[in-house]
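The values are calculated or read from the model by the stated rules, or taken from the named source; none is laboratory data. This is a predicted model, so every value here is computed, not measured. Quick reminder, even Gly has a Cβ in these numbers, built from the backbone with ideal geometry, and neighbours come from all protein chains shown. The area values use the complete protein model at the heavy-atom level, side chains included, leaving out ligands, DNA and RNA. Shrake-Rupley method; radii C 1.70, N 1.55, O 1.52, S 1.80 Å.
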Amino acid sequence: MKKIGFIDYYLDEWHAEKYPEWIENASNGVMKVTYAYGKKDSEKGLSNADWCEKKGIQLLCSIDEVVEKSDYLIVLSPDNPELHEELSILPLQSGKPTYVDKTFAPDRKTALLLFETAQRYGTPLYSTSALRFATEYVEADREGIETICSVGPGTYENYSIHQIEPIVSLMGCEPKQVMYFGTPKSPALLIRFANGRQATINHFGWECPFRMTLNYDSCNAKTLKPESDFFEIFIKKMLTFFETGEPMVNPSETIAIITIIEYGLKARQTPYRLVDLP
(Lines give C-alpha, C1' and ligand atoms only; values in the text may rest on other atoms or scores of the structure.)
Protein backbone atom coordinates (compact mmCIF):
# COMPACT_ATOMS: atom_id res chain seq x y z
CA MET A 1 0.00 0.00 0.00
CA LYS A 2 1.22 3.49 -0.89
CA LYS A 3 0.85 6.04 1.89
CA ILE A 4 -0.48 9.52 1.23
CA GLY A 5 0.07 12.45 3.58
CA PHE A 6 -2.22 15.45 3.98
CA ILE A 7 -0.81 18.89 4.77
CA ASP A 8 -3.50 21.43 5.56
CA TYR A 9 -4.29 24.71 7.28
CA TYR A 10 -6.93 22.88 9.33
CA LEU A 11 -8.20 19.37 8.62
CA ASP A 12 -11.94 19.64 9.21
CA GLU A 13 -12.79 20.98 5.73
CA TRP A 14 -14.69 19.56 2.76
CA HIS A 15 -11.79 18.44 0.58
CA ALA A 16 -9.95 16.68 3.40
CA GLU A 17 -13.23 15.08 4.45
CA LYS A 18 -13.96 13.59 1.00
CA TYR A 19 -10.57 12.74 -0.51
CA PRO A 20 -9.55 9.80 1.75
CA GLU A 21 -12.57 7.64 0.87
CA TRP A 22 -12.48 8.63 -2.79
CA ILE A 23 -8.77 7.78 -3.03
CA GLU A 24 -9.10 4.43 -1.27
CA ASN A 25 -12.08 3.43 -3.43
CA ALA A 26 -10.54 4.61 -6.71
CA SER A 27 -7.28 2.77 -6.00
CA ASN A 28 -8.95 -0.38 -4.61
CA GLY A 29 -7.01 0.15 -1.41
CA VAL A 30 -3.62 0.41 -3.12
CA MET A 31 -3.33 4.03 -1.97
CA LYS A 32 -4.55 5.37 1.34
CA VAL A 33 -4.35 8.61 3.30
CA THR A 34 -2.50 7.55 6.42
CA TYR A 35 -0.87 10.72 7.77
CA ALA A 36 -2.01 14.30 8.25
CA TYR A 37 -0.81 17.63 9.59
CA GLY A 38 -2.87 20.74 10.27
CA LYS A 39 -1.32 24.08 11.14
CA LYS A 40 -4.29 25.00 13.36
CA ASP A 41 -7.60 23.58 14.52
CA SER A 42 -10.80 24.52 12.74
CA GLU A 43 -12.54 27.43 14.41
CA LYS A 44 -15.98 26.05 13.51
CA GLY A 45 -15.55 22.28 13.43
CA LEU A 46 -13.51 19.41 14.87
CA SER A 47 -10.00 19.81 16.17
CA ASN A 48 -7.27 18.18 14.09
CA ALA A 49 -6.91 15.44 16.70
CA ASP A 50 -10.63 14.68 16.76
CA TRP A 51 -10.86 14.76 12.97
CA CYS A 52 -7.95 12.30 12.62
CA GLU A 53 -9.43 9.98 15.24
CA LYS A 54 -12.74 9.97 13.38
CA LYS A 55 -11.04 9.25 10.03
CA GLY A 56 -8.52 6.70 11.32
CA ILE A 57 -5.59 8.82 10.12
CA GLN A 58 -2.45 9.42 12.16
CA LEU A 59 -1.97 13.07 13.15
CA LEU A 60 1.65 14.16 12.94
CA CYS A 61 3.26 17.16 14.59
CA SER A 62 5.09 18.66 11.63
CA ILE A 63 5.19 18.92 7.85
CA ASP A 64 8.65 17.29 8.02
CA GLU A 65 7.15 14.13 9.53
CA VAL A 66 4.43 13.90 6.91
CA VAL A 67 6.95 14.35 4.10
CA GLU A 68 9.30 11.74 5.58
CA LYS A 69 6.67 9.03 6.16
CA SER A 70 4.52 9.45 3.04
CA ASP A 71 4.99 8.17 -0.49
CA TYR A 72 2.82 10.90 -1.99
CA LEU A 73 1.77 14.31 -0.70
CA ILE A 74 -1.38 16.41 -0.94
CA VAL A 75 -1.25 20.03 0.16
CA LEU A 76 -4.82 21.13 0.85
CA SER A 77 -5.85 24.49 2.36
CA PRO A 78 -8.29 24.99 -0.56
CA ASP A 79 -9.74 28.23 0.79
CA ASN A 80 -6.43 29.75 1.88
CA PRO A 81 -4.01 29.72 -1.06
CA GLU A 82 -1.96 32.43 0.63
CA LEU A 83 -0.65 29.60 2.84
CA HIS A 84 0.40 27.32 -0.01
CA GLU A 85 3.98 28.61 -0.14
CA GLU A 86 4.45 27.92 3.58
CA LEU A 87 2.75 24.52 3.44
CA SER A 88 4.30 23.38 0.14
CA ILE A 89 7.92 24.42 0.30
CA LEU A 90 9.17 21.30 2.18
CA PRO A 91 7.09 18.86 0.09
CA LEU A 92 8.45 20.48 -3.07
CA GLN A 93 11.99 19.82 -1.87
CA SER A 94 11.24 16.13 -1.25
CA GLY A 95 11.24 14.69 -4.77
CA LYS A 96 7.91 12.99 -3.94
CA PRO A 97 4.89 13.59 -6.20
CA THR A 98 2.95 16.48 -4.70
CA TYR A 99 -0.54 17.65 -5.55
CA VAL A 100 -1.44 21.18 -4.42
CA ASP A 101 -5.16 21.80 -4.13
CA LYS A 102 -6.99 24.66 -5.78
CA THR A 103 -6.42 27.60 -5.81
CA PHE A 104 -2.74 26.87 -6.49
CA ALA A 105 -1.30 30.22 -5.41
CA PRO A 106 -2.46 33.70 -4.41
CA ASP A 107 -0.50 35.36 -7.21
CA ARG A 108 1.73 34.79 -10.23
CA LYS A 109 4.95 35.38 -8.27
CA THR A 110 4.16 32.59 -5.82
CA ALA A 111 3.04 30.23 -8.60
CA LEU A 112 6.35 30.71 -10.39
CA LEU A 113 8.28 30.18 -7.13
CA LEU A 114 6.49 26.89 -6.41
CA PHE A 115 7.10 25.49 -9.88
CA GLU A 116 10.74 26.66 -9.83
CA THR A 117 11.27 24.98 -6.44
CA ALA A 118 9.72 21.74 -7.66
CA GLN A 119 11.88 21.77 -10.78
CA ARG A 120 15.04 22.47 -8.80
CA TYR A 121 14.46 19.45 -6.54
CA GLY A 122 12.99 17.14 -9.17
CA THR A 123 9.58 17.04 -7.47
CA PRO A 124 6.59 16.17 -9.67
CA LEU A 125 3.96 18.86 -9.06
CA TYR A 126 0.58 19.85 -10.34
CA SER A 127 -2.66 21.55 -9.36
CA THR A 128 -6.10 21.89 -10.91
CA SER A 129 -9.76 22.57 -10.44
CA ALA A 130 -11.72 19.34 -10.68
CA LEU A 131 -14.03 21.09 -13.20
CA ARG A 132 -11.26 20.84 -15.80
CA PHE A 133 -11.98 17.12 -16.08
CA ALA A 134 -15.73 17.33 -16.60
CA THR A 135 -16.41 15.07 -19.58
CA GLU A 136 -18.56 17.77 -21.18
CA TYR A 137 -15.58 20.15 -21.21
CA VAL A 138 -12.95 17.59 -22.15
CA GLU A 139 -14.92 16.37 -25.17
CA ALA A 140 -15.80 19.85 -26.46
CA ASP A 141 -14.41 20.82 -29.86
CA ARG A 142 -11.56 23.28 -29.25
CA GLU A 143 -11.01 24.22 -32.86
CA GLY A 144 -12.33 27.66 -33.81
CA ILE A 145 -13.63 28.81 -30.40
CA GLU A 146 -14.11 32.56 -30.66
CA THR A 147 -16.07 33.41 -27.51
CA ILE A 148 -16.98 31.73 -24.23
CA CYS A 149 -19.61 32.92 -21.76
CA SER A 150 -19.26 31.10 -18.42
CA VAL A 151 -21.47 31.28 -15.32
CA GLY A 152 -21.29 29.70 -11.90
CA PRO A 153 -21.79 30.19 -8.15
CA GLY A 154 -19.58 31.41 -5.36
CA THR A 155 -17.20 34.24 -4.67
CA TYR A 156 -14.57 35.40 -7.13
CA GLU A 157 -11.72 34.77 -4.68
CA ASN A 158 -12.46 31.07 -4.10
CA TYR A 159 -14.60 30.00 -7.06
CA SER A 160 -13.34 31.89 -10.11
CA ILE A 161 -10.81 29.11 -10.70
CA HIS A 162 -13.66 26.70 -11.44
CA GLN A 163 -14.63 28.86 -14.41
CA ILE A 164 -11.18 30.06 -15.46
CA GLU A 165 -9.53 26.61 -15.40
CA PRO A 166 -11.88 25.10 -18.04
CA ILE A 167 -11.67 28.30 -20.12
CA VAL A 168 -7.87 28.13 -20.26
CA SER A 169 -8.00 24.40 -21.02
CA LEU A 170 -10.28 25.21 -23.98
CA MET A 171 -8.68 28.43 -25.25
CA GLY A 172 -5.02 28.02 -24.34
CA CYS A 173 -2.54 29.74 -22.07
CA GLU A 174 -2.16 33.06 -23.91
CA PRO A 175 -4.44 35.50 -22.07
CA LYS A 176 -3.54 39.10 -22.88
CA GLN A 177 -5.85 41.39 -20.90
CA VAL A 178 -8.63 41.35 -18.32
CA MET A 179 -11.43 43.79 -17.53
CA TYR A 180 -13.73 43.74 -14.51
CA PHE A 181 -17.36 44.63 -15.15
CA GLY A 182 -19.24 43.01 -12.28
CA THR A 183 -21.10 44.29 -9.24
CA PRO A 184 -20.33 43.66 -5.55
CA LYS A 185 -22.83 40.78 -5.45
CA SER A 186 -22.22 39.45 -8.98
CA PRO A 187 -18.52 39.58 -9.89
CA ALA A 188 -17.77 39.38 -13.62
CA LEU A 189 -14.56 39.41 -15.63
CA LEU A 190 -13.71 39.70 -19.33
CA ILE A 191 -10.60 37.76 -20.43
CA ARG A 192 -9.07 38.67 -23.80
CA PHE A 193 -6.89 36.06 -25.49
CA ALA A 194 -4.61 36.14 -28.52
CA ASN A 195 -6.18 36.65 -31.97
CA GLY A 196 -9.17 38.58 -30.65
CA ARG A 197 -10.76 35.65 -28.80
CA GLN A 198 -12.42 36.37 -25.50
CA ALA A 199 -14.22 34.81 -22.55
CA THR A 200 -16.37 36.14 -19.74
CA ILE A 201 -16.96 34.67 -16.30
CA ASN A 202 -19.98 35.58 -14.20
CA HIS A 203 -20.65 34.73 -10.55
CA PHE A 204 -24.24 34.48 -9.38
CA GLY A 205 -25.92 32.93 -6.32
CA TRP A 206 -25.35 29.41 -5.04
CA GLU A 207 -28.40 28.26 -7.00
CA CYS A 208 -26.56 28.96 -10.28
CA PRO A 209 -24.92 25.78 -11.68
CA PHE A 210 -21.68 25.86 -13.62
CA ARG A 211 -22.17 26.06 -17.37
CA MET A 212 -20.67 27.78 -20.38
CA THR A 213 -21.70 28.66 -23.91
CA LEU A 214 -19.10 28.42 -26.67
CA ASN A 215 -19.43 30.39 -29.90
CA TYR A 216 -17.27 29.33 -32.85
CA ASP A 217 -15.90 31.30 -35.79
CA SER A 218 -18.42 29.33 -37.86
CA CYS A 219 -21.16 31.16 -35.85
CA ASN A 220 -22.26 27.82 -34.38
CA ALA A 221 -22.83 27.75 -30.62
CA LYS A 222 -22.83 25.03 -27.99
CA THR A 223 -23.82 25.16 -24.32
CA LEU A 224 -21.96 22.87 -21.93
CA LYS A 225 -23.26 21.92 -18.50
CA PRO A 226 -20.99 19.64 -16.44
CA GLU A 227 -23.17 16.77 -15.27
CA SER A 228 -20.52 14.03 -15.35
CA ASP A 229 -18.85 12.89 -12.12
CA PHE A 230 -15.86 15.17 -12.56
CA PHE A 231 -14.67 14.56 -8.98
CA GLU A 232 -14.33 10.84 -9.69
CA ILE A 233 -12.35 11.62 -12.85
CA PHE A 234 -10.26 14.16 -10.95
CA ILE A 235 -9.32 11.62 -8.26
CA LYS A 236 -8.35 9.01 -10.88
CA LYS A 237 -6.16 11.60 -12.60
CA MET A 238 -4.52 12.39 -9.27
CA LEU A 239 -3.72 8.72 -8.66
CA THR A 240 -2.26 8.38 -12.15
CA PHE A 241 -0.08 11.40 -11.39
CA PHE A 242 1.16 9.77 -8.19
CA GLU A 243 1.95 6.54 -10.03
CA THR A 244 3.70 8.09 -13.02
CA GLY A 245 5.04 11.38 -11.72
CA GLU A 246 3.62 13.00 -14.86
CA PRO A 247 1.55 16.15 -14.16
CA MET A 248 -1.97 16.19 -15.61
CA VAL A 249 -1.80 19.93 -16.39
CA ASN A 250 0.97 21.90 -18.08
CA PRO A 251 2.53 24.37 -15.62
CA SER A 252 2.14 27.16 -18.20
CA GLU A 253 -1.64 26.76 -18.00
CA THR A 254 -1.65 26.84 -14.20
CA ILE A 255 0.49 29.99 -14.22
CA ALA A 256 -1.85 31.61 -16.76
CA ILE A 257 -4.87 30.74 -14.58
CA ILE A 258 -3.31 32.24 -11.44
CA THR A 259 -2.26 35.32 -13.39
CA ILE A 260 -5.85 35.87 -14.58
CA ILE A 261 -7.21 35.47 -11.05
CA GLU A 262 -4.64 37.86 -9.57
CA TYR A 263 -5.05 40.55 -12.22
CA GLY A 264 -8.82 40.15 -12.12
CA LEU A 265 -8.67 41.23 -8.49
CA LYS A 266 -6.53 44.20 -9.49
CA ALA A 267 -8.92 45.07 -12.32
CA ARG A 268 -11.77 45.16 -9.79
CA GLN A 269 -10.24 48.38 -8.47
CA THR A 270 -10.69 50.05 -11.89
CA PRO A 271 -13.87 48.61 -13.46
CA TYR A 272 -14.41 48.79 -17.23
CA ARG A 273 -10.72 49.34 -17.96
CA LEU A 274 -8.57 46.76 -19.71
CA VAL A 275 -5.57 45.62 -17.67
CA ASP A 276 -2.58 44.08 -19.45
CA LEU A 277 -1.29 40.72 -18.24
CA PRO A 278 2.42 39.95 -17.90
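Could you work out how far the C-alpha centroid of the range 89-149 sits from that of the range 1-59, in angstrom? After rounding, the separation between the Cα centres reads 22 Å.
Under the convention that each Lys and Arg Cβ holds +1 and each Asp and Glu Cβ holds -1, the size of the dipole of the chain around its Cα centre is about 540 debye.
The residues of the chain present an accessible area of 45 Å² per residue when probed at 1.4 Å with all protein chains retained.
Hey, any idea what % of the chain's accessible area is carbon plus sulfur with a 1.4 Å probe? The C+S portion of the solvent-accessible surface of the chain is 47 percent. Relative contact order of the range 120-278: 33 percent, from C-alpha pairs under 8 Å at least 6 residues apart in sequence. Dividing the helix sum by the residues of the chain, where each DSSP H run of 4 or more adds -39500 (n - 2.57), gives a mean residue ellipticity at 222 nm of -10500 deg cm²/dmol.
Long hydrophobic helices in the chain, taken as whole DSSP H segments with a C-alpha length of 15 Å or more on their own axis and mean Kyte-Doolittle hydropathy at least 0.5: 230-244, 251-267. Is the shape of the range 1-118 best called rounded, prolate or oblate, per the rule: a/c under 1.5 gives rounded, else a/b larger than b/c gives prolate, else oblate, with a ≥ b ≥ c the square roots of the Cα gyration tensor eigenvalues? Judged from the Cα gyration tensor, the range 1-118 comes out oblate (a/c at least 1.5, b/c at or above a/b). What separates the Cα centres of the range 189-210 and the range 221-278 is a distance of 12 Å.
When the chain is treated as a Gaussian network with alpha carbon springs shorter than 10 Å, the biggest mean-square fluctuation among Pro166, Pro91, Pro251 belongs to Pro251. Projected label points at Asp276 and Glu246, each 7 Å from Cα along the beta carbon direction, are separated by 3.8 nanometres.
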